1. Name the residues whose placed amide hydrogens come within less than 5 Å of the amide hydrogen of residue A:103, ignoring near sequence neighbours (fewer than 5 apart) on the same chain.
2. In peptide A:43-50, how many Cβ atoms from other protein chains are near each Cβ within 10 Å, on average?
3. Quick one: B:18, A:36, fewest Cβ neighbours within 10 Å first, how do they rank?
4. What is the set of long-range amide H partners of residue B:5 at a cut-off below 5 Å, with H atoms built 1.01 Å from backbone N?
5. Just want the ordering: A:51, A:113, from fewest to most Cβ atoms lying within 10 Å of their own Cβ.
6. In a Gaussian network model over chain A where Cα atoms closer than 10 Å are linked, find which of A:40, A:18, A:79 has the largest mean-square fluctuation.
7. Work out from phi, with θ = phi - 60° and the Karplus expression 6.51 cos²θ - 1.76 cosθ + 1.60, the ³J(HN,Hα) of each residue of segment A:78-95, listed in order in whole Hz, and give x for Gly and Pro.
8. So what is the relative contact order for chain A, in percent, with contacts set as C-alpha pairs under 8 Å and at least six apart?
Amino acid sequence: AQSVAQPEDQVNVAEGNPLTVKCTYSVSGNPYLFWYVQYPNRGLQFLLKYITGDNLVKGSYGFEAEFNKSQTSFHLKKPSALVSDSALYFCAVRDMQGSASKIIFGSGTRLSIRP
Amino acid sequence: GAGVSQTPSNKVTEKGKYVELRCDPISGHTALYWYRQSLGQGPEFLIYFQGTGAADDSGLPNDRFFAVRPEGSVSTLKIQRTERGDSAVYLCASSPGQGHTEAFFGQGTRLTVV
């Protein structure tokens, strides 16, 4: 069975500092990995994905994520945080083993950027 | 439409009543997903359609929950004999197909059972 873990409920960072939001996953086959962001009273917005190829993927709003197969991790990063990055972030995984595969989400990490 | 549309946006119902939640996916998307999200939690998978058929319904919590997608486009999530514990935001998402593509989410339906 596939699963996703986000070990931090909350991450606090000062504006202008780099940020990292952690994610680890477990799948039977090859993973397709995603990050989504949710602002208050808004739907989930897609940020970026890893399918294959370069382990460092770049996405919207200056975010990037690094896929590490040996550590089964897919941490979200940004070199310089903005106050407007404050939101709830979800990591998700699709297990590509088998003919049909659902997307499973982590429990979320609340990112708070202080001015 | 331009995005995934869910109706109603809010639904308040009495315990024991039946409710239907509707999802209009992005035109041409063959995959459709239903999730349930409680406050401050991650989306909990309910069911996944590929075309008209449910490819995976392992997340439906019990037999009070049922979903259909008869023509491979619009989907309806049906909840019988609602309970207060069913209160949550129900999210629908669609994607062009199974595989590596990401899913696009609607704004959700906030269901409150009183």
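No lab work stands behind these numbers, since they all come straight from the coordinates. Fair warning: this is a prediction, and the values are worked out from it, not measured in the lab. A quick note on method: Cβ atoms are made from the backbone with ideal geometry, for glycine too, and the neighbour counts reach across all protein chains shown.
1. When sequence neighbours closer than 5 places are left aside, there are no close amide H contacts.
2. Working: counts 12, 12, 2, 6, 1, 1, 3, 1.
Shielding by partners across A:43-50 averages 5.
3. On the way: B:18 11, A:36 27.
By the 10 Å Cβ count, ascending: B:18, A:36.
4. Here the answer is B:24, since their amide H atoms fall under 5 Å of that of residue B:5.
5. Values: A:51 17, A:113 20.
Exposure proxy ranking, most exposed first: A:51, A:113.
6. A:40
7. 8, x, 9, 6, 10, 4, 5, 6, 4, 4, 9, 10, 10, 9, 9, 9, 10, 8
8. On the way: 289 pairs, mean separation 42.9, N = 115.
Value for chain A: 37 percent.
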